[in-house]
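K.L.:
Next up is a structure, given as structure tokens.
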Protein chains: 6
Amino acid sequence: MKIKLINPNTTWSMTKSIENCAKKYANEGTAVYAVSPDIGVNSIECYVDEYLAIPGVLQEIVKGEEEGADAFVIACFGDPGLEAAREITDKPVVGIAEAAMATAKMIAPYFSIVSVLDRSVKITEDLVKGYGAKDFCKSIRSTGLSVLDFGTNIEKGLEALKEQSMIAVKEDGAECILLGCAGFVDFVEDLKQSLGVPVLDGVMPAVKFAEALVNMNLKTSKINTWGFPEEKEYIGYDLPSPQNR
Amino acid sequence: MKIKLINPNTTWSMTKSIENCAKKYANEGTAVYAVSPDIGVNSIECYVDEYLAIPGVLQEIVKGEEEGADAFVIACFGDPGLEAAREITDKPVVGIAEAAMATAKMIAPYFSIVSVLDRSVKITEDLVKGYGAKDFCKSIRSTGLSVLDFGTNIEKGLEALKEQSMIAVKEDGAECILLGCAGFVDFVEDLKQSLGVPVLDGVMPAVKFAEALVNMNLKTSKINTWGFPEEKEYIGYDLPSPQNR
Amino acid sequence: MKIKLINPNTTWSMTKSIENCAKKYANEGTAVYAVSPDIGVNSIECYVDEYLAIPGVLQEIVKGEEEGADAFVIACFGDPGLEAAREITDKPVVGIAEAAMATAKMIAPYFSIVSVLDRSVKITEDLVKGYGAKDFCKSIRSTGLSVLDFGTNIEKGLEALKEQSMIAVKEDGAECILLGCAGFVDFVEDLKQSLGVPVLDGVMPAVKFAEALVNMNLKTSKINTWGFPEEKEYIGYDLPSPQNR
Amino acid sequence: MKIKLINPNTTWSMTKSIENCAKKYANEGTAVYAVSPDIGVNSIECYVDEYLAIPGVLQEIVKGEEEGADAFVIACFGDPGLEAAREITDKPVVGIAEAAMATAKMIAPYFSIVSVLDRSVKITEDLVKGYGAKDFCKSIRSTGLSVLDFGTNIEKGLEALKEQSMIAVKEDGAECILLGCAGFVDFVEDLKQSLGVPVLDGVMPAVKFAEALVNMNLKTSKINTWGFPEEKEYIGYDLPSPQNR
Amino acid sequence: MKIKLINPNTTWSMTKSIENCAKKYANEGTAVYAVSPDIGVNSIECYVDEYLAIPGVLQEIVKGEEEGADAFVIACFGDPGLEAAREITDKPVVGIAEAAMATAKMIAPYFSIVSVLDRSVKITEDLVKGYGAKDFCKSIRSTGLSVLDFGTNIEKGLEALKEQSMIAVKEDGAECILLGCAGFVDFVEDLKQSLGVPVLDGVMPAVKFAEALVNMNLKTSKINTWGFPEEKEYIGYDLPSPQNR
Amino acid sequence: MKIKLINPNTTWSMTKSIENCAKKYANEGTAVYAVSPDIGVNSIECYVDEYLAIPGVLQEIVKGEEEGADAFVIACFGDPGLEAAREITDKPVVGIAEAAMATAKMIAPYFSIVSVLDRSVKITEDLVKGYGAKDFCKSIRSTGLSVLDFGTNIEKGLEALKEQSMIAVKEDGAECILLGCAGFVDFVEDLKQSLGVPVLDGVMPAVKFAEALVNMNLKTSKINTWGFPEEKEYIGYDLPSPQNR
């Protein structure tokens, strides 16, 4: 089995640590690899970033089909373009936010999400609502640090995550912490230790769920909403129109 | 006052009829003009289409600032990229779906939306929920015709809209009909006549609301969520990075 | 075009400043005038007040029809009697709370409402829910001052509004402030200056929306819920029974 | 114990049958009596009717205090003015819709409401939502007959109620029927017989709950929202201003 | 009339005080008696406790039918097994949490619940949601004391309840306090005195509602969901299979 | 890895087919085995059945710990006792309804559930709400056949499932079908073939998720709600009190 992880931003150092995390948790027979798209933005923190990232994600899905991928993981906590990805392929596509929340609900009655900038909170909030997880999510907390800050100053990043997670547990009633950025995969163990509650990154469960979906021979339902796109012209993208695929 | 309407798809005949509708309802002192983006897709019916359209919409917003636009209208019933557009400029940006629903609520207790393909229903449904209009929306009905079908066979399109609207009024309890595609601007009068309830296209109220926002000197709140994007690299788009604007 | 604003309470000094605000924002061709009803209560702060005010509001709507009004604005943040007003006339009727919320949603992802007495909070909360704006409203804060306090001690009123608005922005996450009383029209500019986020009174957008509805030739849907009242006897009011109009 | 029932409309024949129903179910020691207000409307089917009825209801509450009433029942399925009534007295006030729904939830998982005109459905729907009963209410059905039709043609009324109730049970999944008009008290037994599910009028449980509240020495909380109204001027009503009571 | 109260835990001292409370508020003609089941757990604070208690509750319902009970009260604030109890008998069954919330809504716009351990909060929260009372419930506060702590140290228990109730009123906006444990019946009067808002235990209203339901000749709807259980084998319980009753 | 599946009813033929299904989908290194409890009921179709089944499920969890199970699956579509099971062990416990819904959301935007008796619909509905899946679930349909009917007449059962699933797809808008009973594991393939949309039994994904949770070293959060039960007496069950384990 081959699982392709797409880091929707163009920062390959992050792509690398996502791949490492995936490799650590994948089953023996599963080949995993992570890429960043050719077009897009180097970190995703607002709606503009999300929307500039998605066409590149879709291009990688299409390429992934040719590469023989059996399933895809979109490895950014906003799950950018998830529904579109499910239209453009019938292979399972899993978002890391979706996977993290589905997992959290099985090990704790309530979780909180600890994220990057304040402005990203609404994107996460909309996701939580969209996945029907509102009643399970006690709070969405931000560290005030940007995605790239976490790359350049790991110590500071970890400290900020610890602090906000602690407040989430002590004051907001969280019984599990979700890390709201794919760039946080390396912080899981440290945080788990100090918090006394389960700590979840989304990459890990997304890989496991992608494997599970392939194991179960499940494919995306093509009967209506997520059917393949209609024939039409795509202008300005390195993406074949549906009728040319 | 200058209002720029952006038809997110690349079908200029539709752009033209949107512009005509806008001109008809704009105040005397208001200059309105409509464009289609350089990149994107020729009709918008699924998530892939939406996401391929948005970067072009954002490019047009940025160009619009240089052109001296005082406000923007995104003229596709999915309001694609609306939140991102509000980040990238501080001028008011109005989506036609949002404007149509806000207006409908002032003239009827319940509305229904009549749209294109079955698969588009979920996009509309998500919008309705996102705008807090779920309790006002009795149904979202589709005609089974594509956006482009409506352009090529007007008779058939009108007939299908009439039929679905009638069912919405008679069976679903709609007391007002919203036309769920910017391509339907020319059908409003005909439908109104035959249905006996108000019929609303979104372009018309979006233009009026954009005017109103400019008249009230209101600008998008920049304090957090919809603040200008952070400095970063945009790759593969004809869009200046925030630090270069 | 002629727009009649009805201040549902009987305090004419407030009616006057509502009229002034309306005149400032109305289009050139629009005649606006504000009145208070003959029966009712001198300020509206609880359910009893609301219900004593509404029959007078309805009387003014009926008189307004004779006066040639093309649209109506109910200028009290509780939008008292809005649905009844929409039954008794087919001319557009806009409530200032409804207009303020619809506008706020177009310029900010979240707003807070700053209001008068603590006890009024629930009325406002019910409105917010009723308009589907719950997910957009971060908090409803009260100053603890009565409607009439604001008239007699402007300084103190402004201070209290500033304080609560500041908390709404800093602690509750509001990105826009709505002033929850028609008596606050004169505070908008001052507050905007000191808060750094958009500040909205409801009179201003209600007038603009009323104009817009008239421009679009829209009338209230009469097909069912908001149809004209059935024939029956009205006892004790200066209001013609439906069959006598 | 003395319970005053207020029929908010001015049709005394209905007031009489409400009183009869109340007498039948009241405990031995309980004196019950029903009245109609001096001002208002002869039947309540739309928002205008509701709002014209409420001031009269409030007058009857105030008079009721002088008459020594220990609790009040508002006997119209829209519970018009219920919150205001709870402000103006500290004696328990029970609405028949509220009482019917609270009771229904204890004897069936789902109910439907069968009501008068189509246009009244939204008022009922808003009530259901307001009482948190939305998930328990399978449907709100209307007979298309007016309140007064039921008085003039009992046979026809009963037939229409039977028909709609049957559909509610068979198609909508109702397991209990609520009669959505105080004028229906006399139909309960007949309907119960033919439907095979519990049938509830609201007068009966409202009287029992009013008794229960008095037995428990409970009074309306006066700490904030439903506190007595502030001192102010009431103009045009036979209702003493709060400071004169 | 005979009402059987079932204290789902096996602590008979609590059963006794529940019975005393019930006797105090029952009508003259009503015989009330309280029991604990033979199997179960001595206090109920988590899901395990709830589920171990329910079979014993059901056994007591069946025995109660033989004892001639006309109605049942389940006297634990989690209302454990309420829906099952309504299946196994057609006599009215009232839960104390349900009764408390229904009553609170009639005397205050908002309530808070003060309960035992932190871990019990979610059970209560789920109840509140399940009864459609979410919008009325300002907070669920826990004292951190166990059910049995309250029995052994009454002073400390009362102090803790007072403290949390005070916070609920002052900070959370509660206008009425519900005591979230049947073991709290004896604290009602003391708390009422010091808080200035209504304080409700659930036993008292549950008894009154049970009486009311019997007075109205209402029985549980047997048409579908709460119909008597199907014929089948019950293994390991002192409970006759449905076909043997 | 060792996964114990608990069929909460006492019908061992069903337990066997659950075990077979689990074996088919488990990873190579995973040992799976299924059991029925010693006490309980032979099929689960109403609340009484659920509650009689749960104590036996808890007993099997405790035994499973001794047997060295690494994770548990509760294999009845009502997920009976799931939260209690998560209290009594810290090993992952997965419910089949929960697993089925989490999986369905990843491969289709909307699903429907096809179940046994009409009366079971509400239990399923409550589950759907409880898991935050209400917006994804288009309908819950029942075949009118009992759990045991399906065992005795497979043909008829399959036919009924096909019919209801077809309606769910064609009329309700389902794009994926969930089989709402663990007894349906053997129907998946047949239904998939004839329906053209994904068909999911819950056993299969529950096993995969249990494996995934073990692979990720995740355990149930013990910090509060789902902490181990407090010390207390358990009477009448073959279950050690917490202090004796």
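K.L.:
Please work out which residue is farthest from D:K91 (Cα to Cα), limiting yourself to the range D:11-35 and to residues that are touching a strand residue (DSSP E or B) at 6+ places or on another chain (Cβ under 7 Å) and crowded, with 24+ Cβ neighbours inside 10 Å.
P.N.:
D:I18
K.L.:
Quick one: is A:G64 on the phi > 0 side of the Ramachandran plot and more than 12 Å from chain F (Cβ to nearest Cβ)? I'd like the intermediate steps shown before the answer.
P.N.:
Working: on the phi > 0 side of the Ramachandran plot: no; more than 12 Å from chain F (Cβ to nearest Cβ): yes.
No; evaluated as a whole, the condition is false for this residue.
K.L.:
Scan the range B:198-215 and report the pairs whose first residue is within 18 Å of B:A69 (Cα to Cα) and of a type outside the set (A, V, I, L, M) and whose second residue is open to solvent by 10 Å² or more (accessible area, probe 1.4 Å) and part of a helix (DSSP H, G or I), with Cβ atoms within less than 7 Å and a gap of 6+ or a chain change.
P.N.:
From residues that are within 18 Å of B:A69 (Cα to Cα) and of a type outside the set (A, V, I, L, M), the pairs are B:K208/B:Y25; B:K208/C:N215; B:N215/C:Y25.
K.L.:
Continuing with the same structure: Please determine, by comparing only the residues of the range A:82-91 that are part of a loop (DSSP other than H, G, I, E, B) and in contact with an Asp or Glu (Cβ under 8 Å, 6 or more places away or on another chain), which one is surrounded by the most Cβ atoms within 10 Å (Cβ to Cβ).
P.N.:
In this case the residue turns out to be A:K91.
K.L.:
With the requirement that a residue be small (G, A, S) and either in a strand (DSSP E or B) or assigned by TED's automatic domain parsing to the domain that holds B:E125 (or both), what does the range B:20-40 give you?
P.N.:
If the condition is that a residue be small (G, A, S) and either in a strand (DSSP E or B) or assigned by TED's automatic domain parsing to the domain that holds B:E125 (or both), then B:A31, B:A34, B:G40 are the ones that fit.
K.L.:
Can I ask one more? Pick from E:F72, E:F77: which is crowded, with 21+ Cβ neighbours inside 10 Å, more than 7 Å from chain F (Cβ to nearest Cβ) and closer than 18 Å to E:N217 by Cα? Outline the logic, then answer.
P.N.:
Working: E:F77 fails: closer than 18 Å to E:N217 by Cα.
One residue alone meets the criteria, E:F72.
K.L.:
While we're on this one: Let me spell it out: the conditions are (1) of a type outside the set (A, V, I, L, M); (2) more than 12 Å from every other protein chain (Cβ to nearest Cβ); (3) free of Cβ contacts under 8 Å to residues at least 24 places away in the same chain, and A:D126 meets all of them except one. Which number is the exception?
P.N.:
(2)
K.L.:
Of all residues in the range A:36-55, how many are open to solvent by 10 Å² or more (accessible area, probe 1.4 Å) and at the interface with chain B (Cβ under 8 Å from one of its Cβ atoms)?
P.N.:
Number satisfying all stated conditions: 6.
K.L.:
Do we have E:L58 as touching a helix residue (DSSP H, G or I) at 6+ places or on another chain (Cβ under 7 Å), assigned to a helix (DSSP H, G or I), facing another protein chain (nearest Cβ under 10 Å) and at pLDDT 95 or above here? Don't jump to the end; show me each part of the working.
P.N.:
Numbers: touching a helix residue (DSSP H, G or I) at 6+ places or on another chain (Cβ under 7 Å): yes; assigned to a helix (DSSP H, G or I): yes; facing another protein chain (nearest Cβ under 10 Å): yes; at pLDDT 95 or above: yes.
When the stated conditions are applied, E:L58 passes them.
K.L.:
Would it be correct to say that C:V169 is in contact (Cβ under 8 Å) with a residue 60 or more places away in the chain and either under 20 Å from the mean Cα position of the chain (by Cα) or under 24 Å from B:A84 (Cβ atoms) (or both)?
P.N.:
Taking the combined requirement at face value, the residue does not satisfy it.
K.L.:
Filter the range E:107-123 down to the residues that are assigned to a strand (DSSP E or B) and within 10 Å of another protein chain (Cβ to nearest Cβ) and list them by number.
P.N.:
Once the filter is applied, which keeps residues that are assigned to a strand (DSSP E or B) and within 10 Å of another protein chain (Cβ to nearest Cβ), the range E:107-123 yields only E:F111.
K.L.:
Let me ask something else. Tell me which residues, restricted to the range B:215-238, are of a type in the set (A, V, I, L, M, F, W, C) and either modelled with pLDDT under 95 or touching a Phe, Trp or Tyr at 6+ places or on another chain (Cβ under 7 Å) (or both).
P.N.:
Within the range B:215-238, B:M216 is the sole residue that qualifies.
K.L.:
From E:S17, E:S43, which residue is touching a residue at least 60 places away in the same chain (Cβ under 8 Å), small (G, A, S) and part of a helix (DSSP H, G or I)?
P.N.:
Values: E:S43 fails: part of a helix (DSSP H, G or I).
The conditions single out E:S17.
Yes or no, residue by residue, for (1) over 20 Å from E:D186 (Cα atoms); (2) modelled with pLDDT under 95; (3) charged (D, E, K, R):
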residue	(1), (2), (3)
E:N7	no, no, no
E:N20	no, no, no
E:E28	yes, yes, yes
E:V35	no, no, no
E:V41	yes, no, no
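The values are calculated or read from the model by the stated rules, or taken from the named source; none is laboratory data. The structure displayed is predicted, hence computed values, not measured ones. Note that we place each Cβ from the backbone using ideal geometry, even for glycine, and neighbour counts take in every protein chain shown. The accessibility values were calculated without ligands, DNA or RNA, using every heavy atom of the protein model including side chains. Shrake-Rupley method; radii C 1.70, N 1.55, O 1.52, S 1.80 Å.
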